[in-house]
Amino acid sequence: MISSEDIGRLVIVVGGGLAFALIGVALFVVFPTSLTDLLGVVLALAVALVGARLAANAARSVFPGYDVAEVAVEGPITRDGGGGRFPSSPGATPADDIVDQIDRAHDDDNVRALLLKLNTPGGEVVPSDDIRLAAKRFDGPTIAYATDVCASGGYWIASGCDELWAREGSIVGSIGVIGSRINASDFAEKVGLSYERFAAGEYKDAGTALKEMDENERAYLQGLIDDYYDTFVERVSDGRDLEPEFIRDTEARIYLGERAFDLDLVDHLGTRRELEDELADRLEVDEVTVEEFEPSRPLMARVGAGAKQIAYAFGAGIAGIADGRSFRLWS
């Protein structure tokens, strides 16, 4: 059945196309200057096509035709999609872009629900929490949907949504934090390198690769990891209504969706179509129309950010404590 919105969009597109076609004919056919009639017709058609495109954009603005916003979080989560000195990961997610997309969905009067598609092994702590907070700010139902992987920072984000859906074979969990460092002191000695310390503050160079780590430094860095872990457990406990001890008992394991559902780490198992059918019932419509919200940054800015993405490993995500240190935290 054709809706009034469909008719309105059609009227705008057809009317806009005809208007620009008439302008093109007037400029290049009826009142030609030095152009041939044939070239005038071609230019008139070109103007008409441009006009139809502009009219179509206007029609989508006046009659959006969607009621659900989809925002995708894919790849490792970083602040801007990069920021490291290592080779980039092609699928990294700039958290600031994701927050912007969610906020735009929040401000869009046509959007009645938010679908957050998650396919990520994790990411930096604060950027992940920024996305979680943006999802909590959204005024309406927020549903996280795990496709392939919803681990670590991805699960952190899901804890800010009303529900988490997954497939039976989705990988879910990894509620934990890991720290790592490269110990290159033996290698440095073999090639004739030595480390000389010039620092103010006992722990300023804790974790530096070119020197052995003492027990005080080890305890200090482990304390940072423990603090991050306590925060992670607290976020998941509050958002998912799970006991902190149960979360700790998972020991940062990953689970297939079916097992995660049995453990109440996931609310529903289902396909994307089943999720949309459920949303339609809740919104009391025959079917929902989903609009994918994309970053508003210019293309070249996104390309530039992607060129700086840091390398990552499965289940990892929190970037190093500071530039110049080899100790790195991952969630």
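The values are calculated or read from the model by the stated rules, or taken from the named source; none is laboratory data. The structure presented is a predicted model; accordingly, all values stated were derived computationally and were not measured. Methodologically, a virtual Cβ is constructed for each residue, glycine included, from the backbone with ideal geometry; neighbour enumeration extends over all protein chains shown.
Numbers for the structure displayed
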{"item": "Counted residues, the stretch 189-230 - those being among the basic types (Lys, Arg) and either touching a residue at least 24 places away in the same chain (Cβ under 8 Å) or touching a Gly at 6+ places or on another chain (Cβ under 7 Å) (or both)", "result": "1"}
{"item": "Condition met for Leu329 (more than 30 Å from Gly65 (Cβ to Cβ), modelled with pLDDT of 95 or more and either in a helix (DSSP H, G or I) or hydrophobic (A, V, I, L, M, F, W, C) (or both))", "result": "no"}
{"item": "Condition check for Val172: modelled with pLDDT of 95 or more and touching a Pro at 6+ places or on another chain (Cβ under 7 Å)", "result": "no"}
{"item": "Any hit, the stretch 189-199, residues being assigned to a helix (DSSP H, G or I) and either in contact with a Cys (Cβ under 7 Å, 6 or more places away or on another chain) or among the acidic types (Asp, Glu) (or both)", "result": "yes"}
{"item": "Scope the stretch 185-244; condition in contact with a helix residue (DSSP H, G or I) (Cβ under 6 Å, 6 or more places away or on another chain) and hydrophobic (A, V, I, L, M, F, W, C); matching residues", "result": "Ala206, Leu210, Val233, Val236"}
{"item": "Filter pass, Asp129 being over 19 Å from Val288 (Cβ atoms), part of a helix (DSSP H, G or I), out of contact with any Phe, Trp or Tyr (no Cβ under 9 Å at 6 or more places or on another chain) and of a type outside the set (Ser, Thr, Tyr)", "result": "no"}
{"item": "Residues that are without any contact (Cβ under 8 Å) to a residue 60 or more places away in the chain and farther than 15 Å from Gly173 by Cβ, drawn from the stretch 111-135", "result": "Leu114, Leu116, Lys117, Val126, Pro127, Asp130, Ile131, Leu133, Ala134, Ala135"}
{"item": "Yes/no for Ala252 being out of contact with any Lys or Arg (no Cβ under 9 Å at 6 or more places or on another chain) and either modelled with pLDDT under 95 or not in a helix (DSSP H, G or I) (or both)", "result": "yes"}
{"item": "Tally, over the stretch 103-120, of residues that are closer than 11 Å to Val73 by Cβ and either at pLDDT below 95 or surrounded by fewer than 24 Cβ atoms within 10 Å (Cβ to Cβ) (or both)", "result": "2"}
{"item": "Qualifying residue in the stretch 202-222 (condition: within 17 Å of Tyr155 (Cβ to Cβ) and not hydrophobic (A, V, I, L, M, F, W, C))", "result": "no"}
{"item": "Which listed residue is among the acidic types (Asp, Glu) and in contact with a strand residue (DSSP E or B) (Cβ under 7 Å, 6 or more places away or on another chain), from Asp130, Asp109, Asp162", "result": "Asp162"}
{"item": "Breaking point among (1) over 26 Å from the mean Cα position of the chain (by Cα); (2) closer than 23 Å to Ala113 by Cβ; (3) aromatic (Phe, Trp, Tyr), for Tyr220", "result": "(2)"}
{"item": "Any hit, the stretch 144-153, residues being assigned to a loop (DSSP other than H, G, I, E, B) and of a type in the set (Gly, Ala, Ser)", "result": "yes"}
{"item": "Complete set of residues in the stretch 224-249 that are among the aliphatic types (A, V, I, L, M) and modelled with pLDDT of 95 or more", "result": "Val233, Val236, Leu242, Ile247"}
